[in-house]
């Protein structure tokens, strides 16, 4: 007979990471992150656009345009788009088991006056959906409807 002290309780994983197509999802106890490649052809040419803008600003004698160009030059080239949401900024969580989707809604005024209107969908793999929903409920401490 196995005593209750020796039984191991199965805990929800501390983090999830999966990929659907080219979309990459990462979820842990503090954040939800989504990234995907961008289809914007200019996204990988930020430094070149910055050099051209700064040069144009110098020729025209405009410090504002020069500043924008220098700022653009200092940013790294990126070919990804995506979002990050902290669990403490989530006000509502909705689940759709048929489509294996969880939708997060931000709290009002998150990140300033314009924030709080974001809705973020997390597309799960069907085989991990039930485990992921129970973990999300533990992460965000909200009832999932």
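Subtracting the Cα-Cα distance from 0.36 nm times the residue separation, let me have the gained length for residue 49 to residue 117 in nm, one decimal.
Values: separation 68, 0.36 × 68 = 24.48 nm, distance 3.13 nm.
That works out to 21.3 nm of additional length.
Placing pseudo-labels 7 Å out from each Cα toward the beta carbon at residue 18 and residue 144 gives an inter-label distance of 1.1 nm.
Let's test the formula: R0 of 25 Å, r as the Cβ-Cβ distance of residue 38 and residue 67. What FRET efficiency results, to the nearest 0.05? Mind showing how you got there, number by number?
Values: r = 25 Å, r/R0 = 1.00.
E between residue 38 and residue 67, to the nearest 0.05, is 0.50.
Every number here is computed from the coordinates shown, using simple stated rules; none is lab data. Bear in mind that the values here come from a model prediction, so they are computed numbers and not experimental data. Ideal geometry is used to build each Cβ from the backbone, glycine not excepted, and the neighbour counts take in all protein chains shown.
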